[in-house]
Amino acid sequence: MLNYEAIVSRIKKVIDDHDLNAASFAEKIGVQRSGISHILSGRNKPSLEFLSKIHTTFNEVEYDWLLLGKTQHSEKPPTTLFDTPVIKSLEKDPEIKTPSRTNSEHTSPIKEIIYVYEDDSFKVIQRKS
């Protein structure tokens, strides 16, 4: 179960760490000021879309920290799909076959990949345009 009070506390820390007020923070991440006000007051809970806007705007702010207060491992997370350990291992091992896209229903480019770990932490890797 998520502790929304702690999440709001971490959002306030992001605001403070960047020397912003609620209005300038709202403008920077692209949401209405009333939305920030409702979240900071506890009236509304922050949505995943809202947290994603924070993460996208402030690259150093990780989802694990926003949601759970966990800090990222000392290793820098991959920035693209092709930097991930899975893809790197595919490049090194010719015996591993990649799935064919011809069997896939989707033909459009991948927008984001979400890794969910056994301890329920997760990491989102978004495609950079």
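Numbers below:
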read-out: Net charge of neighbours whose Cβ lies under 14 Å from the Cβ of Glu49, counting Lys and Arg as +1 and Asp and Glu as -1; value: +2
read-out: Cα centre as origin, Lys/Arg/Asp/Glu Cβ charges: segment 1-66 dipole, Debye; value: 300 debye
read-out: Net length gained if the chain between Ile113 and Ser41 were fully extended (0.36 nm per residue, minus Cα distance); value: 22.7 nm
read-out: Cut-off 12 Å between beta-carbons: net charge of the residues surrounding Lys70, Lys and Arg +1, Asp and Glu -1; value: -2
read-out: Pair Arg127, Lys12: separation of 7 Å Cα→Cβ label points (nm); value: 3.9 nm
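Every read-out reported here was derived from the displayed coordinates using simple, explicitly stated rules and does not represent laboratory data. Quick caveat, the model's predicted, so the values are computed rather than measured. Note that we place each Cβ from the backbone using ideal geometry, even for glycine, and neighbour counts take in every protein chain shown.
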